Amino acid sequence: MSRYLLDKFLFTVDRDPELVERYREDPAGTVAWWEAEQANRILNCHDGESSTWLRFDDTERAALAAHDYPTLFELGAHPFLTLTLFIAVFERDHAEPLGFQKEYAQRLSHFSLPYPDIAT
Amino acid sequence: MAELVAVIASTHHPFYHRASTSTGENRPPFADEWVRKVEAFRETLTRARPDVLVMVGSDHFHQLWLDNMPQFLVGKAPFYDANFYNEEREFGLPKMVLKGQEDLSAYVLREGLDAGFDLAFSNELRIDHSITCPIITLRPQNDLPIVPVYTNIFAPPLPQPKRFVQLGRTIRQLIESWPSDQRVAVIGTGHLSLELGGPRQFGLHGPDPQFDQKAVEWISSGDIEGCLAEVSLDSLHAPGNATHGFMDFMLMMGVAGEGRKADYVDTFDLFHTMEAYFTWYPNGAGL
């Protein structure tokens, strides 16, 4: 269970225009590359001083690789980070304004309060 | 001593810039009324003739991150670049540069620490739409130096609501004791009920209109005690999963003072959120 690492993936991809496109086109490949090369980078440290212990579990890896944002919500990934990145990935495929955002709400409609914990 | 000439609390809707500048068939039907309301709100700041703006907002996982997350942070820099790629992408917000009022930042940090708030600081802070939205709505000429104050309403564990109120009270005391002849306005932005990334997002109204009604009443009447009696970190989940941003309104109630009625109140019921605009004049509406 590594909500922090899920959030770190969403955070680092969402802020990088090239990674957003790469994640849209090749989600499984991007997740595999990111876990191997980026997951242990401490963002404010030199690359030689990376962490050694961060990895996804199978459920997390599969959810990211499948663009499966309802499962990310269930796992407690930060909802704002998830929404922002998936708007960047999918909004362009919807003609109606806010069409993707409404579909997103619909796909989460089976959740009721209390929502999954998002504390890291 | 410096003079606190206006206290302003507002929502920060990132779609305002795009809605207000769009034309023709791209212009949403609610844009004209929204612009009218914002321009009337802007006048409440203009007439206070501020020299310096203390800007309270919250970084939305732009520069501040979970490997090093401050609860309350004060910027101390001569300039602040502003808005991020993903805000340009999603909201059409422009890149901006704001001037900083470093001597007031230094004063707030030193005196704030001594007053019991272990404030974090940043000497190189890129600010996001929680601070640039009110610049766009309230001071679009962007000609005044700022002191940014960031709060954590986003990444649990969060400070308790009462700490937001206490920080607001402290900010007011610090401004009023700042040895300067500057006229200072404090502008803080947050949310009423709001859901982002959850099943109640982007409905026809905010996710909890009843909460919004109560919140507007607490703020406009300065009912800090009533608000604190009903609002907790747990209770704020119910009106919407991003409603902890309401604690920035509570901070602004702390700046304005217990029982202090707002001199200006306006709201605007938009899709997915209630916009709300409040101004207090500490020295009376006659300024």
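Every number here is computed from the coordinates shown, using simple stated rules; none is lab data. The model shown is predicted, which means the values in this text are computed figures rather than measured ones. Note: ideal-geometry Cβ built from the backbone for every residue, glycine included; neighbour counts use all protein chains shown.
Karplus-based coupling profile of the stretch B:247-258, in residue order and whole Hz: 5, 6, 5, 5, 4, 5, 5, x, 5, 6, x, 4, with θ = phi - 60° in 6.51 cos²θ - 1.76 cosθ + 1.60 and x standing for Gly or Pro. Annotation: the residues A:Thr52, B:Thr46, A:Thr30, sorted from fewest to most other C-beta atoms within 10 Å of their own C-beta, follow the order A:Thr52, B:Thr46, A:Thr30.
Using the Cβ of B:Leu109 as centre and a radius below 13 Å, the other residues enclosed give a net charge of -3, where K and R count +1 and D and E count -1. Contact order, relative form, for the stretch B:53-208: 36 percent (alpha carbon pairs under 8 Å, 6 or more residues apart, mean separation divided by residue count). Summing Cβ point charges (Lys, Arg +1; Asp, Glu -1) relative to the Cα centre of the protein assembly as shown gives a dipole of roughly 740 debye. For the pair B:Arg18 and A:Glu25, a Förster radius of 35 Å applied to the C-beta separation gives a FRET efficiency near 0.85, rounded to the nearest 0.05. Considering only B:Leu125, B:Leu196, B:Leu251, the Gaussian network model of chain B with Cα springs below 10 Å gives its largest mean-square fluctuation to B:Leu196.
By the count of other C-beta atoms within 10 Å, a proxy for reagent exposure, A:Glu21, A:Glu35, A:Glu91 are ordered fewest to most as A:Glu21, A:Glu91, A:Glu35.
Each part gets one Cα centre, and for the stretch B:222-275 versus the stretch B:160-177 those centres are 15 Å apart.
Summing Lys and Arg as +1 and Asp and Glu as -1 over all other residues whose Cβ lies under 15 Å from the Cβ of A:His94 gives a net charge of -1. Taking every alpha-carbon pair under 8 Å whose residues sit at least 6 apart, chain B reaches a relative contact order of 29 percent. Highest mobility in the GNM of chain B, judged by mean-square fluctuation with C-alpha springs under 10 Å and restricted to B:Gly24, B:Gly203, B:Gly257, is found for B:Gly24. Scanning residues 5 or more positions from B:Gly100 or on other chains, those with amide H under 5 Å from its amide H are B:Phe79, B:Tyr80, B:Ile146, with H placed 1.01 Å from N in the peptide plane.
Rounded to the nearest Hz, the phi-derived 3J(HN,Hα) couplings of the stretch B:196-206 under the Karplus curve 6.51 cos²θ - 1.76 cosθ + 1.60 (θ = phi - 60°) are 9, x, x, x, 9, 6, 6, x, 6, 9, x, where x marks glycine and proline. GNM on chain A, alpha-carbon springs under 10 angstrom: the most fluctuating residue among A:Gly29, A:Gly99, A:Gly48 is A:Gly48. Considering helices alone, the calculated mean residue ellipticity of chain B at 222 nm is -10500 deg cm²/dmol, with DSSP H runs of length four and up weighted by -39500 (n - 2.57) and normalised per residue.
Checked against a 25 Å cut-off, the cross-linked pairs B:Lys76/B:Lys261; B:Lys99/B:Lys261; B:Lys162/B:Lys261 give Cα-Cα distances beyond that limit for B:Lys76/B:Lys261; B:Lys99/B:Lys261.
Subtracting the Cα-Cα distance of A:Ile42 and A:Glu103 from 0.36 nm times their residue separation leaves 18.5 nm of extension gain. Ordered by the number of other Cβ atoms lying within 10 Å of each residue's own Cβ, fewest first, B:His205, A:His78, B:His272, A:His110 fall into the sequence A:His110, B:His205, B:His272, A:His78.
Within 10 Å of the Cβ of each residue in A:44-51, the mean number of Cβ atoms contributed by other protein chains is 1.
If R0 equals 35 Å, the separation of the Cβ atoms of B:Asp269 and A:Thr12 corresponds to a calculated FRET efficiency of about 0.45. Its relative contact order, with pairs defined as Cα atoms under 8 Å and 6+ residues apart, puts chain A at 32 percent.
Once the C-beta distance of A:Leu54 and B:Ala238 is scaled by a Förster radius of 35 Å, the resulting FRET efficiency is 0.55 to the nearest 0.05.
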